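Student: Have a look at this one.
The values are calculated or read from the model by the stated rules, or taken from the named source; none is laboratory data. As the structure is a computational prediction, the values presented were derived from the model and not from experiment. Cβ placement follows ideal geometry from the backbone for every residue including glycine, while neighbour counts extend to all protein chains displayed.
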Amino acid sequence: MRSILRYMRDSWKAVCAVILLLMVQAYCDLSLPTYMSNIVDVGIQQNGMDDAVMEQIRADSLAQLELFMTEEEIDTVEHAYGEANEVGIRYADTTISEEEQAAVSDALCVPMALAYQMSREDSEAKYSLRDVQGAIEAGRITREQLLDMKDQALEQMGEVSDSTMLQIAVLYMEEEYNAMGVDLGTIRNHYLYTTGGKMLGLTALGLAAAMIIGLIASRVGAGVGRKLRDQVFGRVLKFSSIEMNQFSTASLITRCTNDIQQVQMVCVMILRMMLFAPICAIGGILKVYRTQTGLGWIIVVAVCVIFAVIGTLMRISMPKFKMMQSLVDRLNLISREILTGIMPIRAFSREKREEERFAGANTDLMRTQLFTNRVMNFMMPTMMLTMNAVTVAIVWFGSKGIEAGSLQVGDMMAFISYTMMIVMSFMMMTMISIFLPRAGVAADRIDEILHTEPVINDCPKPVENKTDWKGEIRFDDVTFCYPGADHPALEHISFTAQPGKTTAIIGSTGSGKSTLLNLIPRFFDVTEGQVQLDGVDIRDIRQETLRKQLGYVPQKGILFSGTIASNVKFADSDISDEQMKLAAEIAQATEFIDSKMDRYNSRIAQGGTNVSGGQKQRLSIARAIAAKPKVFLFDDSFSALDYKTDAALRRALHANIREATVIIVAQRISTILHADQIIVLDEGKMVGIGTHEQLLAECETYREIAESQLSESELKGGSVQ
């Protein structure tokens, strides 16, 4: 989780904007149940009258109500209502503040409820309002006695909530409005339309906020994914062969695609759901607390059940989530091996065996996914059961409150809505908890790449002032051992490859020929000794500077999707067409290029699968020649060529790259027969160095190789066609 938040650090402004918008959305969502409650309780049950302040009231009715008020309350009410008009109606002052209006409502509510109760036919009151008023005027009852009677009447009414008291007062207001000829439907419709309009406005505002949040979250998630892909791929490009072998190609592909996609998806979910859920839950809890329904314990029980379910399921599924990523790596590895080696698989009729191997990896992944899905699928029914049980409990206990007069229908409906919001918020957290473990594992795998420092790095103070490189390669007592190997692959190798001369390296399979060549471009670093370019240790030269002096042709020709021209110009896009054609001519590639309809614009498939092995090697050689390096490194790069093409290519190389240093690793004696010096390797040790004739006379290992490849006449004649 910490790693995922760190990835989003650069987008902190967008995250802050999302948080503000989420608050707006939560405010809109949390306000709607209150308005719904008001529509039911006020708009429908109370005909749109949300307090005890009437827009107009008869003067004599107000006088009767003032009988049950204190002097302070009378002053408050008198200040709110103006003088009576000619028909005896007093109108409320519309300019009073909300605080003053609330005070007037409090002053009128209880007197209105008492007046309504006294006016009912089945009322137990001994006196009517007019009797009470007459008694006051005659002096038979004092105001203090009347206020005591008010308290006694309230005691007889029992423990009635403020909302119930207001509803009784509304009944008095309805009778008063009817007596004045006021249309109650107009009041009700005005309230319903006003409240409904506010709900529509809040819904539109919440919708707009949600849309903007989705847009920002998507941009942040896509930005995090793009940045991670750039960072991971940039780091992979710096990896040496040691790091590449440590991670494997299949695992690197999975980490660059599937793992980053997991993180990207969770970043969006964090912004859209994970941040919104606690805001909504806290807001819902505060709203429930303010309703004072006495049903809050139901939410506490529901939340405890949810946390218990989440904790149990996470404990069961977390190890499987970690295992799943490794199984994806294994499946990708097997898929890549099978697809890459499809030809030998068919040649040896191993299709059935490979199908079984793939099916085994596929089944292991399927079983793990099924297990985690089954565990997670258990979560949703549990959550729904909890929600439904909560709803039933609220209705059950809430109906008792409604019957007792301590709760209104609208309040119960609002309480249900807020409870569902709280439970849904925890459900959203639950959904995120399903993805967070996988994303956490993916983030750890991504960090493993980002925190892996390449073994081969540029020197802190590289040689920068040298520009006139000549291309002399010198091995000075070089020893190299692969990481984890028991014995060195090369031991105490010393020789010098001069510019304008060809140095050949030969030996049996596994003798270290390719390893020696790979030390020059620093695909590996020497364990002991030095490899020098023009007298400078190559570790003191920037890798980019060093490799610009080298033209490397690998043992296995590798081409890239594009055209013949783009592959030959791969080293530098500024290579001219004339340079490209000359390189192709030297590499003996002109014949098959000219035979194609589009010539140099002919398409090359990924990996060069639409050209033969020999054509692939010749294009690889042309690519190196076109770069005009100071040193040519040929790692058994002529093995796929026939003898005629091999001989023609060597003559062309000798004629056109006279000043360059040429180092050739070869298996065939005919390829290196005329080299200026030949180095013979055996089990990582240099057992001979000299010309062909010298080695035949002095080096037994070389003589054995030559006798296995050349006829007796060729050995004596010293030339091979």
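Student: Given the conditions (1) on the phi < 0 side of the Ramachandran plot; (2) in contact (Cβ under 8 Å) with a residue 60 or more places away in the chain, and given that Thr496 satisfies all but one, which numbered condition is not satisfied?
Tutor: Answer for Thr496: the failing condition is (2).
Student: Shifting gears a bit: Where in segment 341-459 are the helices (runs of 4 or more DSSP H), entirely inside, with at least 1 residues that are closer than 26 Å to Ala26 by Cβ?
Tutor: Qualifying helices (runs of 4 or more DSSP H): 379-404, 409-450.
Student: Here is a check on your reading of the model: is Thr563 of a type in the set (Val, Ile, Thr), over 26 Å from Pro488 (Cα atoms) and touching a Pro at 6+ places or on another chain (Cβ under 8 Å)?
Tutor: Against the criterion (of a type in the set (Val, Ile, Thr), over 26 Å from Pro488 (Cα atoms) and touching a Pro at 6+ places or on another chain (Cβ under 8 Å)), Thr563 does not qualify.
Student: Just to be sure I understand the filter: pairs with C-beta atoms under 8 Å, separated by 6 or more residues or on different chains, first member in segment 446-470 and under 19 Å from Arg522 (Cβ atoms) and modelled with pLDDT under 80, second member not hydroxyl-bearing (Ser, Thr, Tyr) and not in a loop (DSSP other than H, G, I, E, B). Which pairs pass?
Tutor: Lys466/Val536
Student: Yes or no: Arg623 more than 20 Å from Ile705 (Cα to Cα), surrounded by fewer than 16 Cβ atoms within 10 Å (Cβ to Cβ), at pLDDT 85 or above and under 46 Å from the mean Cα position of the chain (by Cα)?
Tutor: For Arg623, the condition - more than 20 Å from Ile705 (Cα to Cα), surrounded by fewer than 16 Cβ atoms within 10 Å (Cβ to Cβ), at pLDDT 85 or above and under 46 Å from the mean Cα position of the chain (by Cα) - is not met.
Student: Additional query: For a quick check of your reading of the model, give me the residue pairs whose first member lies in segment 510-522 and is over 11 Å from Val665 (Cβ atoms), whose second is surrounded by fewer than 23 Cβ atoms within 10 Å (Cβ to Cβ) and polar (S, T, N, Q), with beta-carbon atoms closer than 7 Å and at least 6 apart or on different chains.
Tutor: Listed by first residue and then by second, the contacts come to Arg522/Gln543.
Student: Acidic (Asp, Glu), exposed (fewer than 12 other Cβ atoms within 10 Å of the Cβ) and part of a helix (DSSP H, G or I), is that true of Glu337?
Tutor: No; evaluated as a whole, the condition is false for this residue.
Student: Further, regarding this structure: Are there helices (runs of 4 or more DSSP H) fully within segment 1-98 with at least 1 residues that are over 60 Å from the mean Cα position of the chain (by Cα)? List them.
Tutor: In segment 1-98, 59-65, 71-80 are the helices (runs of 4 or more DSSP H) which contain 1 or more residues that are over 60 Å from the mean Cα position of the chain (by Cα).
Student: Hey, does segment 607-623 have a residue that's farther than 13 Å from Asn567 by Cβ, touching a strand residue (DSSP E or B) at 6+ places or on another chain (Cβ under 8 Å) and polar (S, T, N, Q)?
Tutor: no
Student: Contact list please: Cβ distance under 7 Å, first residue in segment 24-45 and on the phi > 0 side of the Ramachandran plot and basic (Lys, Arg), second residue assigned to a helix (DSSP H, G or I) and surrounded by 17 or more Cβ atoms within 10 Å (Cβ to Cβ), pairs at least six apart or on different chains.
Tutor: Taking only residues 6 or more apart or on different chains, not a single pair turns up.
Student: Here are the criteria: (1) aliphatic (A, V, I, L, M); (2) closer than 30 Å to Pro278 by Cα; (3) at pLDDT below 85. Tell me which single one Ala84 does not satisfy.
Tutor: So Ala84 meets the others, but not (2).
Student: Of these, Arg618, Arg599, Arg603, which one is buried (at least 22 other Cβ atoms within 10 Å of the Cβ) and either at pLDDT 80 or above or farther than 22 Å from Ile672 by Cβ (or both)?
Tutor: Residue meeting the stated conditions: Arg618.
Student: Would you point out the residue of segment 537-558, among those that are among the basic types (Lys, Arg) and part of a loop (DSSP other than H, G, I, E, B), that is modelled with the highest pLDDT?
Tutor: Arg542
Student: Can you list residue pairs whose Cβ atoms sit under 8 Å apart, with the first residue in segment 407-424 being within 16 Å of Ala389 (Cβ to Cβ) and the second being assigned to a loop (DSSP other than H, G, I, E, B)? Count only pairs 6 or more apart in sequence or on different chains.
Tutor: Final answer for the pair search is Phe415/Thr293; Phe415/Leu295.
Student: Would you pick out the residues in segment 557-568 that are out of contact with any Asp or Glu (no Cβ under 9 Å at 6 or more places or on another chain) and not aliphatic (A, V, I, L, M)?
Tutor: Gly557, Phe560, Ser561, Gly562, Ser566, Asn567
Student: Within segment 38-59, track down each residue that is out of contact with any Ser or Thr (no Cβ under 8 Å at 6 or more places or on another chain), acidic (Asp, Glu) and modelled with pLDDT under 85.
Tutor: Hit for segment 38-59 is Asp50, nothing else.
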